[in-house]
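J.: Here it is: the structure, laid out below.
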Amino acid sequence: MKNKFSLFIIVIFLSFCFVVFYKGLNNSNTYTPKVDEKKKIPTFKAKDFDSDNYINSDKIFDEKIFYIVNIWASWCVPCRAEHPLLMQLSNNQSIKLIGLNYRDNFNNAKKFINEFGNPYSRILIDKDGTLGIEFGAYGVPETFLIDKNKNIIKKFVGPINQKIVNDIKSIIK
Amino acid sequence: MKILKILIVLFLVTNFSELSSDETNDVLKNKILKNIRCLICQGQSVYDSESEFASSIKLIVDRKINEGLKEKQIYQFLREKYGDWVIYDPKLNINTYILWLLPLLLFFFGGAIIFRKLSN
């Protein structure tokens, strides 16, 4: 009786281990930070792309509207793919786009904007990538949707697509 | 002459204390960087990684130390940005209870078996 009970416990334990490891096989090994977590926007000081002056974040997000912060660089191929969609979003009056030029050469970034158009109401220079870290970014492109209360409500890792644009439009409506 | 000696001593003391504070900051910075995971080269610490993300984190940690933030505050800052996963040393919370308590439970369970065998 005692042996049967021990055997039963061992079988249960091994089955538990099997289920845990089997489920683990289907999980991705790559960690991605949460994208739907509501966070306050960071306070920072950044260099303006056009005027070369430093601006405080409270001056950048000074209107009670939705904002989009898009991290981009001229050397980033997916940024070119998402650019027409950002241009499309910039036509919307209820949202302002802020560009964060990530680890880029100024002249190349300028050429990029001249060639593909400027969807941003303001571009900030993030020469060393630390401004991106303040936003919780870890690559380029990344896009953050900020609500009227200055909370980051959504984060899109990688290039945005038409579905994401439609989602954003339905949120800001 | 006496004044000169005092000045030399003062100069040496202030310079050595600055050096030691820089060294302490470097030690702290390296300790923190070794305890942060790189999100790009997953499996590597930020200290070991050469990715752009890692180099930005290195700058941020350096800046935060110079601003006077303590080690725990820097970890908290990074946790808020990237979640608990970014720190190698996980905090004890509802998601990590099993992680922390399972080895202890197994230890006591094994100990109890050995104790029973020996007492028999």
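J.: Condition first: on the phi > 0 side of the Ramachandran plot, away from chain B (no Cβ under 14 Å), of a type in the set (Lys, Arg) and touching a strand residue (DSSP E or B) at 6+ places or on another chain (Cβ under 9 Å). Can you find one or more residues in the stretch A:88-98 that meet it? So that I can check it myself, show each step before the final result.
T.: Just the residues of the stretch A:88-98 that are on the phi > 0 side of the Ramachandran plot, to begin with: none.
No, every residue in the stretch A:88-98 fails to be on the phi > 0 side of the Ramachandran plot, away from chain B (no Cβ under 14 Å), of a type in the set (Lys, Arg) and touching a strand residue (DSSP E or B) at 6+ places or on another chain (Cβ under 9 Å).
J.: A further question follows. Would you call A:PRO141 more than 14 Å from chain B (Cβ to nearest Cβ) and within 27 Å of B:ILE57 (Cβ to Cβ)? Before the answer, list the steps.
T.: Values: more than 14 Å from chain B (Cβ to nearest Cβ): no; within 27 Å of B:ILE57 (Cβ to Cβ): yes.
Against the criterion (more than 14 Å from chain B (Cβ to nearest Cβ) and within 27 Å of B:ILE57 (Cβ to Cβ)), A:PRO141 does not qualify.
J.: Can you name the condition, by its number, that A:ASN105 falls short on among (1) over 17 Å from the mean Cα position of the chain (by Cα); (2) of a type in the set (S, T, N, Q); (3) farther than 29 Å from B:SER55 by Cα?
T.: With (1) over 17 Å from the mean Cα position of the chain (by Cα); (2) of a type in the set (S, T, N, Q); (3) farther than 29 Å from B:SER55 by Cα applied to A:ASN105, the lone miss is (3).
J.: Sticking with this one: Looking only at residues in the stretch B:49-78 that are of a type in the set (Lys, Arg) and in contact with a Phe, Trp or Tyr (Cβ under 9 Å, 6 or more places away or on another chain), which one is nearest to A:ILE133 (Cα to Cα)?
T.: The residue in question is B:LYS58.
J.: Can you tell me which of (1) loosely packed, with under 10 Cβ neighbours inside 10 Å; (2) within 14 Å of chain B (Cβ to nearest Cβ); (3) not charged (D, E, K, R) is the one A:ASN107 doesn't meet?
T.: Of the numbered conditions (1) loosely packed, with under 10 Cβ neighbours inside 10 Å; (2) within 14 Å of chain B (Cβ to nearest Cβ); (3) not charged (D, E, K, R), the odd one out for A:ASN107 is (2).
J.: Since A:ILE68 meets every condition but one in (1) hydrophobic (A, V, I, L, M, F, W, C); (2) closer than 19 Å to A:ILE152 by Cα; (3) surrounded by fewer than 16 Cβ atoms within 10 Å (Cβ to Cβ); (4) away from every other protein chain (no Cβ under 14 Å), which condition does it not meet?
T.: Of (1) hydrophobic (A, V, I, L, M, F, W, C); (2) closer than 19 Å to A:ILE152 by Cα; (3) surrounded by fewer than 16 Cβ atoms within 10 Å (Cβ to Cβ); (4) away from every other protein chain (no Cβ under 14 Å), only one is false for A:ILE68: (3).
J.: Turning to a different aspect of this structure: Just to be sure I understand the filter: pairs with C-beta atoms under 7 Å, separated by 6 or more residues or on different chains, first member in the stretch B:63-91 and within 12 Å of chain A (Cβ to nearest Cβ), second member surrounded by 12 or more Cβ atoms within 10 Å (Cβ to Cβ) and among the small types (Gly, Ala, Ser). Which pairs pass?
T.: Once the first residue is within 12 Å of chain A (Cβ to nearest Cβ) and sits in the stretch B:63-91, its partners that are surrounded by 12 or more Cβ atoms within 10 Å (Cβ to Cβ) and among the small types (Gly, Ala, Ser) give B:LYS81/A:GLY136; B:TYR82/A:GLY136.
J.: Looking at A:LEU145, A:LEU85 in this structure, which one is more than 18 Å from A:ASP36 (Cβ to Cβ) and either among the basic types (Lys, Arg) or in contact (Cβ under 8 Å) with a residue 60 or more places away in the chain (or both)?
T.: Values: A:LEU145 fails: more than 18 Å from A:ASP36 (Cβ to Cβ).
One residue alone meets the criteria, A:LEU85.
J.: If I filter the stretch B:36-52 down to residues being over 13 Å from the mean Cα position of the chain (by Cα) and surrounded by 21 or more Cβ atoms within 10 Å (Cβ to Cβ), which single residue comes out as nearest to the other protein chains (Cβ to nearest Cβ)? Give the steps one after another, and end with the answer.
T.: Within the stretch B:36-52, the first condition is being over 13 Å from the mean Cα position of the chain (by Cα), and the residues that meet it are B:38-44, B:48-52.
Still in the list and also surrounded by 21 or more Cβ atoms within 10 Å (Cβ to Cβ): B:38-39, B:49.
Numbers: B:CYS38: 9, B:LEU39: 4, B:SER49: 12 Å.
Going through the qualifying residues, I end up with B:LEU39.
J.: Related question: Being of a type in the set (A, V, I, L, M, F, W, C) and in contact with a Gly (Cβ under 8 Å, 6 or more places away or on another chain) is true for just one of A:PHE16, A:PHE5, A:PHE49. Which residue is that?
T.: Within the list A:PHE16, A:PHE5, A:PHE49, the selection yields A:PHE49.
Residue by residue, here is whether (1) in contact with a strand residue (DSSP E or B) (Cβ under 6 Å, 6 or more places away or on another chain); (2) outside any helix (DSSP H, G or I); (3) loosely packed, with under 10 Cβ neighbours inside 10 Å; (4) free of Cβ contacts under 8 Å to residues at least 24 places away in the same chain holds:
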{"residue": "A:LEU7", "(1), (2), (3), (4)": "no, no, no, yes"}
{"residue": "A:VAL11", "(1), (2), (3), (4)": "no, no, no, yes"}
{"residue": "A:LEU14", "(1), (2), (3), (4)": "no, no, no, yes"}
{"residue": "A:VAL20", "(1), (2), (3), (4)": "no, no, yes, yes"}
{"residue": "A:THR32", "(1), (2), (3), (4)": "no, yes, no, no"}
{"residue": "A:PRO42", "(1), (2), (3), (4)": "no, yes, no, no"}
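J.: Shifting gears a bit: From the list A:ASN101, A:ASN56, A:ASN114, exactly one residue is more than 23 Å from B:ILE40 (Cβ to Cβ), polar (S, T, N, Q) and surrounded by 10 or more Cβ atoms within 10 Å (Cβ to Cβ). Which is it? Steps first, answer last, please.
T.: Working: A:ASN101 fails: more than 23 Å from B:ILE40 (Cβ to Cβ); A:ASN114 fails: surrounded by 10 or more Cβ atoms within 10 Å (Cβ to Cβ).
Being more than 23 Å from B:ILE40 (Cβ to Cβ), polar (S, T, N, Q) and surrounded by 10 or more Cβ atoms within 10 Å (Cβ to Cβ) holds for just one of A:ASN101, A:ASN56, A:ASN114, which is A:ASN56.
J.: Would a scan of the stretch A:7-18 turn up a residue that is within 14 Å of another protein chain (Cβ to nearest Cβ) and touching a helix residue (DSSP H, G or I) at 6+ places or on another chain (Cβ under 8 Å)?
T.: no
None of the figures in this text is laboratory data; all of them are computed from the coordinates on show. This structure is a prediction, so every number in the text was calculated from the model and none was measured. Neighbour counts are summed over all protein chains in view; Cβ atoms, including those assigned to glycine, are modelled from backbone coordinates with ideal geometry.
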